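Peer 1: If you scroll down you'll find the structure; I have some questions about it.
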Amino acid sequence: MAKVAGLFSPKDMTVGTPWKRIVEFSIPMLVGNIAQQLYNTVDSIVIGRYVGDNALAAVGSALPIFNFLLVFFVAVSTGAGIMVSQYFGAKDREKLSRSIGACITLTAIVATIIMIIGPIVVRPMLVLINTPESIIDWCASYLLILLVGNWGFSYFNILSGILRGLGDSLSALMFLLISTVLNIFLDIWFVAGLNMGVPGVALATVIAQVISAVLCAMKLKTMDYVFDLNLNMLKPKKEYVVQLLRLGLPSGLTQVIFSLAMITVQSLTNTFGEMFIACNVIVMRVDGFAMMPNFTFGVAMTTFAGQNVGAKKIDRVEEGTRQGLAIAVGVSIVITIIILIFGRYLMDIFTDTAELVDLSMKMMRILAVGYVAMAVTQVLSGVMRGAGDTMTPMWISLITTILLRVPIAYGIAYLTRSAQYPNGRPESIFISLLIAWVLGAVITSIFYKKGNWREKVLLS
């Protein structure tokens, strides 16, 4: 029993062999990330199979707007993970408790604001990005339900981020798996059984996410041997709010930039018609799974670096970075090979339309080799964030996403216009993304080696 309980307790990553600690932390979180991706993927499969390709396109067109409206929680979650990991590594109970309390209170305030203003701006934003009339009503209903019920999504992301900062990625995994199974059951019941269509998928997601958030909160409440969680700690002190936003806002701003770029690119995607919009949804669903190891190792390196920086073990951070990078690149190479060989079978899951499967596989081949580059970017960016340098990854994202990807996408589309492709070739969407990924890896490597992140060593 003691061994089982230990699996669900905070993990000290300042001792032991670095790569073993990173892998131990990453495996449950990777499974959790895959489960998280299942939310959107199951939505897409159920919608594509039971409602049709246009409904599938509607769900895909709605997601960039949903992500844009919830970027604050990316900021708070990132800041929370950094503060929690560093204070946990420094064994500072008071600051650890205050930072967790500030996260919980800020999340409640912003979730309420989004619940109010989200429904007001949904339809104007859909019109702004050229959403086809044939799917705009479905898009709007999907977004309205997700935004009104955003508390579950918001708190799960924040509370699971706190758990990961404490080194406990397994608890968040178990709660997520429970809610994922529930989400799948509700998806099928609401759409196939009750014929609720696109709104049914959104409602299933909201219910499942609320449950995962409640389970995370219950787990944190039992961890009073590590930190204090009471009304006094929930009163946010200015210094912790400022510190949280200082660490988190660069990542939040990065996500804002990324979301705006996605909305801009979605506007271009929408000009290629419903077939390509549905293709984009399928590719992004497969991409979501392919990218999971990269995101997982990035978060693992943030926690690893944060705890060791808090313990003032910079040499151990550098050793762990080398080992973590080797693992991440190796995994990405394997994933790329699998996609190139078996990708078509993955596309078949979403639709029976042969033309749509062929188009999706064609676009997937363009992206596949970029996953190795993203492994480098995520690991090195994770280390810099864990050390407290969240500005450098933000600027790199700004350069690659806004200054490179968007102009390249529109430029290729403009230069390839023809009678057959009056709005340009749709390949422009994925070629531009591949170029941005590769250049991002190069730039991130340069700034990591430059070493300014070492100057951020410990939170004051």
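Peer 1: So for the chain, taking the charge dipole from beta-carbon charges (+1 Lys/Arg, -1 Asp/Glu), which of 233, 413, 42 sits furthest toward the positive end?
Peer 2: Farthest towards the positive end: 233.
Peer 1: If you put +1 on each Lys and Arg Cβ and -1 on each Asp and Glu Cβ, how big is the dipole of the chain around its Cα centre, in Debye rounded to 20? Working shown, then result.
Peer 2: Details: 33 positive and 25 negative charges, 296 e Å.
Around 1420 debye, computed over the chain.
Peer 1: With labels modelled as points extended 7 Å from the Cα through the Cβ direction, what inter-label distance (nm, one decimal) is found for residue 137 paired with residue 315?
Peer 2: 6.9 nm
Peer 1: In debye, nearest 20, what is the charge dipole magnitude of segment 315-397 about its Cα centre with +1 on Lys and Arg Cβ and -1 on Asp and Glu Cβ, if you could check?
Peer 2: Working: 6 positive and 8 negative charges, 23 e Å.
The calculation lands at about 100 debye.
Peer 1: While we're on this one: Heavy atoms only, probe 1.4 Å: what % of the accessible area of the chain goes to carbon and sulfur, would you let me know?
Peer 2: 70 percent
Peer 1: From the residues 380, 400, 341, which one has its Cα farthest along the dipole of the chain in the positive direction, the dipole being from +1 and -1 charges on Cβ of Lys/Arg and Asp/Glu about the Cα centre?
Peer 2: 380
Peer 1: Could you work out the relative contact order of segment 252-358, using alpha carbon pairs under 8 angstrom and six or more residues apart, expressed as a whole percent?
Peer 2: 32 percent
Peer 1: Hey, what did the chain get for relative contact order, percent, Cα under 8 Å, at least 6 apart?
Peer 2: Computed value for the chain: 23 percent relative contact order.
Peer 1: What is segment 175-316's relative contact order, in percent, from Cα pairs under 8 angstrom and six or more apart in sequence? Please report the intermediate quantities before stating the final value.
Peer 2: Working: 37 pairs, mean separation 18.5, N = 142.
Relative contact order for segment 175-316 comes out at 13 percent.
Peer 1: Which pairs break 20 Å Cα to Cα here: 313/449; 95/312; 238/312; 95/221?
Peer 2: The answer is 238/312.
Peer 1: Per 20 Å bin, what percent of the C-alpha pairs of the chain does each bin hold, from zero upward?
Peer 2: Percent of pairs per bin, in order: 25, 59, 15, 0.
Peer 1: Now, a different point. Hey, with R₀ at 35 Å, roughly what FRET efficiency would residue 117 and residue 403 work out to, going by the Cβ-Cβ distance, to 0.05? Working shown, then result.
Peer 2: Details: r = 30 Å, r/R0 = 0.84.
Once the sixth-power term is evaluated, E becomes 0.75.
Peer 1: Follow-up. Tell me the GluC sites (Glu not before Pro) within segment 260-328 that lie in a loop according to DSSP and have at most 10 other beta-carbon atoms within 10 Å.
Peer 2: Values: sites: 274, 318, 319; in loops: none.
Hits after loop and neighbour filter: nothing returned.
Peer 1: Let me ask something else. Ranked highest first by the average count of other Cβ atoms within 10 Å around their residues, in what order do 323-330, 444-451, 280-287 fall? Before the final figure, lay out each step's value.
Peer 2: Working: 323-330: 19.5, 444-451: 14.9, 280-287: 24.8.
Ranked by mean Cβ neighbours within 10 Å, highest first: 280-287, 323-330, 444-451.
Peer 1: Excluding ligands, DNA and RNA, what is the solvent-accessible area per residue of the chain at a probe of 1.4 Å, expressed in Å²? Write down the numbers at each step before the final one.
Peer 2: Numbers: 18200 Å² over 460 residues.
So the chain comes to 40 Å² accessible per residue, rounded to a whole number.
The values are calculated or read from the model by the stated rules, or taken from the named source; none is laboratory data. This one's a predicted model, so the numbers in the text were calculated from it and none came from an experiment. So basically every Cβ, Gly included, is an ideal-geometry build from the backbone, and we count neighbours across all protein chains shown. Accessible surface areas use protein heavy atoms only, side chains included; no ligands, DNA or RNA. Shrake-Rupley method; radii C 1.70, N 1.55, O 1.52, S 1.80 Å.
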